[in-house]
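Let me begin by presenting the structure, written as structure tokens, before commenting on it.
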Amino acid sequence: MADALSDDGSAPEIIGHYFRRWLYVYEGDDYPSQWHSGLIQYFVRRMANFRCEECSMEFDVESNLAVFARNRDGKPTVGTVHHINGEKNDCRPENLVYLCQRCHLKIQWEWTPGDVLPLRFHGAPPAWMTARGYDPPAHPQMRLF
């Protein structure tokens with residue numbers, strides 16, 4: 001299996017096989033063409049060493065399914081790429097983070113750039129935020145602790 005992108009910019013065979021099944025999900029939206037090919041997701045997954053950048057859940061390189069974790073319905077958890085600023089067409093590396101489904105939903109629900117840091121972080125932003133240049137202010141309630 002190819003570990004890197006091909007010299008001609010095409011995705012390794014594993015990407016073509018996996019992402020072709022999911023292309024219908026993205027048709028007619030604001031994602032760039034590189035997103036549809038799977039190149040961007042593969043790059044972000046590889047940079048994260050195929051682990052959720054929030055909770056470190058490990059994902060299979062080929063299937064993008066969690067190695068051990070399962071959802072409540074018994075199906076494997078899927079790895080996702082989150083656009084931090086919510087803009088689907090902004091695929092700069094500093095705007096993308098690889099997360100498991102659970103962490104992706106939590107982040108989307110409780111934080112966007114410019115917001116205060118959610119209380120669950122206890123005043124310390126996670127490594128993926130600081131690595132991308134985000135330094136959100138601590139939640140005002142943290143002064144109580």
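If you go through region 16-33 one residue at a time, do you hit one that is in contact with a Gly (Cβ under 6 Å, 6 or more places away or on another chain), farther than 28 Å from Trp111 by Cβ and at pLDDT below 90?
Looking for residues that are in contact with a Gly (Cβ under 6 Å, 6 or more places away or on another chain), farther than 28 Å from Trp111 by Cβ and at pLDDT below 90, one finds none in region 16-33, hence no.
Every residue in region 115-129 that is surrounded by fewer than 19 Cβ atoms within 10 Å (Cβ to Cβ) and touching a Pro at 6+ places or on another chain (Cβ under 8 Å), please.
Asp115, Val116, Pro125
Is it the case, given these coordinates, that Gly74 is crowded, with 20+ Cβ neighbours inside 10 Å and either modelled with pLDDT of 90 or more or under 12 Å from the mean Cα position of the chain (by Cα) (or both)?
So Gly74 does not fit the description; no.
Determine whether region 126-140 contains at least one residue that is touching a residue at least 60 places away in the same chain (Cβ under 8 Å) and either in contact with a Gly (Cβ under 6 Å, 6 or more places away or on another chain) or outside any loop (DSSP other than H, G, I, E, B) (or both).
yes
Which of the numbered conditions does Asp73 fail, given that it passes all the others? Conditions: (1) farther than 19 Å from Ala131 by Cα; (2) in contact (Cβ under 8 Å) with a residue 40 or more places away in the chain; (3) in a loop (DSSP other than H, G, I, E, B).
Unmet for Asp73, out of (1) farther than 19 Å from Ala131 by Cα; (2) in contact (Cβ under 8 Å) with a residue 40 or more places away in the chain; (3) in a loop (DSSP other than H, G, I, E, B): (2).
The values are calculated or read from the model by the stated rules, or taken from the named source; none is laboratory data. Because the structure is predicted, anything quoted here is derived from the model rather than measured. Ideal geometry is used to build each Cβ from the backbone, glycine not excepted, and the neighbour counts take in all protein chains shown.
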